[in-house]
Amino acid sequence: MTLKNTLLRLALLLVAGCATQSKVVERELGDFDLKLGSAPTRSMAHGLVQPTTAGVFHGGLDLSHASGWYVGQWSPSVGLGEGSQLEMNSYLGYARRPLDEAPGYELGVIHYSFPEIADRDRDEFYAGLNFAGTRLGAALSSKPRRTDSTLYLDFGSVTPFGVGLRLKYGTYALDRPRFFDDGSSVRVFNDWSLNLSRPWQGIQLDFSYTDSDLQGPECGAYSGQNGQCASLLMFRAERPLY
């Protein structure tokens, strides 16, 4: 273990320890807003790019300026658990809130770093647009041996029924095609999802449909955003107990 990695782990453990009681500690430093926490403090492109928590020890910081610029670092795993690896996600972006008739927008980049694993680092560029209650998010990720692009569209509450409508479409391009026993191959594939939601008498109703353009043996190459390659319908009703 290198000295740099040891210092990174100690810093992340300190951040997580400072936020044991409340998951996020926030301080104002002049025109800057500093957040330290053991839970992600920010999602980008209207939730399309969202930090995850994978290990027992995790933490990070987020520093934003009144002008709209922000920078941060998040570690979903400090790498202290058995079989876990140190991961560092560093991001830089600019976000402008909607003003009067002008739309809000966001631009940024996040770098996923794995100091203990060779050739695993990757970058993801993201953008968001918010106008008249409709939100659009887009992301382009250069993963090892593949490139992913995703488009997210949230229409908010659609009248006259007050149903929330969200759409997501992803395209995945492999550096090399994946071949199968029947002679077919897959190099580029797509998937999509549709989500409808509506509150009803204190119950949150959610309906989702997911699918991809892969069929049969081709599903062996699937590794997209959905839970499975084939079409799937799901319905969920959720009500808080108190």
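The values are calculated or read from the model by the stated rules, or taken from the named source; none is laboratory data. In this text, all values refer to a predicted model and were calculated from it rather than measured experimentally. Don't worry about glycine lacking a Cβ; one is built from the backbone with ideal geometry, like all the others, and counts go over all protein chains shown. These area figures cover heavy atoms from the full protein model, side chains too; ligands, DNA and RNA do not enter into them. Shrake-Rupley method; radii C 1.70, N 1.55, O 1.52, S 1.80 Å.
So how do SER212, SER90 rank on accessible area, 1.4 Å probe, biggest first, that is with the largest at the start?
These residues rank, largest area first, as SER90, SER212.
Can you tell me the FRET efficiency between ARG145 and ILE117 if r is taken as the Cβ-Cβ distance and R0 is 22 Å, rounded to the nearest 0.05?
Calculated transfer efficiency: 0.95.
Please label the shape of the stretch 72-151 as rounded, prolate or oblate, based on the square roots a ≥ b ≥ c of the eigenvalues of the alpha-carbon gyration tensor (a/c under 1.5 means rounded; beyond that, a/b larger than b/c means prolate, else oblate).
Verdict is prolate for the stretch 72-151.
Taking 0.36 nm per intervening residue step and subtracting the Cα-Cα distance, what contour gain separates LEU153 from THR134 on full extension?
That works out to 6.1 nm of additional length.
Which order do GLU28, GLU218 take when ranked by solvent-accessible area (1.4 Å probe, heavy atoms of all protein chains), largest first?
Correct descending sequence by accessible area is GLU28, GLU218.
Would you work out which of PHE155, SER231, MET88 lies farthest towards the positive end of the dipole of the stretch 80-238? Charges go on Cβ: Lys and Arg +1, Asp and Glu -1.
Value: PHE155.
How big is the accessible area of MET234 in square angstrom, nearest 10, if you roll a 1.4 angstrom probe over the protein chains?
Spelled out: MET234, probe radius 1.4 Å, area about 110 Å².
Give me a comma-separated list of calculated 3J(HN,Hα) values for the stretch 47-52, in order, Karplus coefficients 6.51, -1.76, 1.60 applied at θ = phi - 60°, integers in Hz, x for any Gly or Pro.
Rounded to whole hertz, the list is x, 5, 10, 9, x, 10.
Which translational diffusion coefficient, to the nearest whole µm²/s, is obtained for the chain from the Stokes-Einstein equation, given a Kirkwood hydrodynamic radius over C-alpha pairs, 4 °C and 1.567 mPa s?
It comes out at roughly 63 µm²/s.
For the chain, set up a GNM with springs between Cα atoms under 10 Å and report which of GLY108, GLY164, GLY37 has the largest fluctuation.
It is GLY164.
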